[in-house]
Amino acid sequence: MTSDLSIAEFNDRRLVAIYETVNSYAAGTQPRFYLQLAAELGAVSIVDLGCGTGLITRELARQGYRLTGVDPAPAMLDIARHRPDGDRVRWVVGDASRLGARDADLAIMTGHVAQFFLTDESWHATLTALHAALRPGGRLAFESRNPGAREWEGWTRQARWSADDPAAGPIDTWTEVNDVRDGIVSCVNHYAFAATGEELVSSVRLRFRTEEELSRSLADASFAVERVYGDWDRRPAGPTTRELIVVAVR
């Protein structure tokens, strides 16, 4: 196995239907970063692992890149296929092992997907599979929350926020932490629907790796780290910067 991803929640049609609403990206963050990186690298072929409903995948395809989107949740890809520009992407249900040997110029993992790989074994297997999917000199880019920033301490009911879904209406969402142990944060995401009074919950476990741990794991998979940014404005990573945004070369 190359993934610890528990896909049950992502196959819940009610959660999948609101996924892009409750996981929207702020202006100037992930979509812009990965679009700019692809342009800077002169990429042609791109692999998006853990692509979800393909928000970034489809935008890259719209710009003319050749995209393969991979996700373990069929319900996510069902939506991705039918969204605008979904027909421009090759969608693959499964994990990184489904890629095989390819010649991609760039592989990305967005939406903090890297944190869903809980064990060193599953993370290494994924990196090894992505290494095989890239051409020599190809790049791997992904982000992981910096454990030094201790972002999970702000995940409380009091930090709830609201989003307005086109179909479901207003939704309040928040995250509550149950346990922090050995670099793994166990938490529960809550989604409260104003129109019906219904509340859905999903349990999540996330691995917070340090910059040193990420660099060592990449070296073990025959990658060389080129850059590590601390946020989407490309400031250098530091002990308490919010993100660890990694660009590595095969």
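No lab work stands behind these numbers, since they all come straight from the coordinates. Nothing here was measured: the structure is a model prediction, and the numbers come from that model. Here the Cβ positions follow ideal geometry from the backbone for every residue, glycine too, while neighbour counts run over all protein chains shown.
Before moving on, here are some points about what is shown:
- Nonlocal amide H pairs with Thr29, under 5 Å, H built at 1.01 Å: none
- Applying the Karplus relation 6.51 cos²θ - 1.76 cosθ + 1.60 with θ = phi - 60° to the stretch 236-246 yields 3J(HN,Hα) values of x, 5, x, x, 10, 4, 5, 10, 10, 9, 9 Hz, where x marks Gly and Pro.
- Extent of the chain along its three principal axes (Cα atoms, max minus min coordinate, largest first): 53, 41, 34 Å.
- Placing unit charges on each Cβ (+1 for Lys and Arg, -1 for Asp and Glu) gives the chain a dipole about its Cα centre, and among His131, Pro166, Gly238 the Cα reaching farthest toward its positive end belongs to His131.
- Between the amide H of Ala107 and those of Val47, Arg139, Leu140, Ala141, distances stay under 5 Å, these residues lying 5 or more places away or on another chain, with hydrogens modeled in the peptide plane.
- In a DSSP loop and with at most 14 other Cβ atoms within 10 Å, the trypsin sites (Lys or Arg not before Pro) in the stretch 123-230 are Arg150, Arg160.
- Projecting the Cα atoms of Gly42, Gly111, Gly100 onto the dipole axis of the stretch 1-147, where Lys and Arg carry +1 and Asp and Glu carry -1 at the beta carbon, places Gly42 farthest toward the positive end.
- Modelled spin-label separation between Arg234 and Ser186, with each label point placed 7 Å from Cα along the Cα-to-Cβ direction: 4.1 nm.
- Rounded if a/c under 1.5, otherwise prolate or oblate - the stretch 149-206, Cα gyration tensor axes: prolate
- Helix-only CD estimate at 222 nm, as mean residue ellipticity for the chain, using -39500 (n - 2.57) per DSSP H run (n ≥ 4): -7000 deg cm²/dmol
- Calculated from backbone phi, Karplus (6.51, -1.76, 1.60) coupling profile of the stretch 93-108 in Hz, x at Gly/Pro: 7, x, 10, 4, 5, 6, 6, x, 6, 9, 10, 5, 7, 8, 10, 10
- Taken about its Cα centre, the chain carries a charge dipole of about 640 debye when Lys and Arg each add +1 at the Cβ and Asp and Glu each add -1 at the Cβ.
- Whole-angstrom gap from the stretch 132-165 to the stretch 53-76, using each part's C-alpha centre: 18
- 3J(HN,Hα) along the stretch 189-204: 8, 10, 9, 10, 9, 5, 5, 10, x, 6, 10, 9, 10, 9, 8, 9 Hz, from the Karplus curve 6.51 cos²θ - 1.76 cosθ + 1.60 with θ = phi - 60°, whole Hz, x for Gly and Pro.
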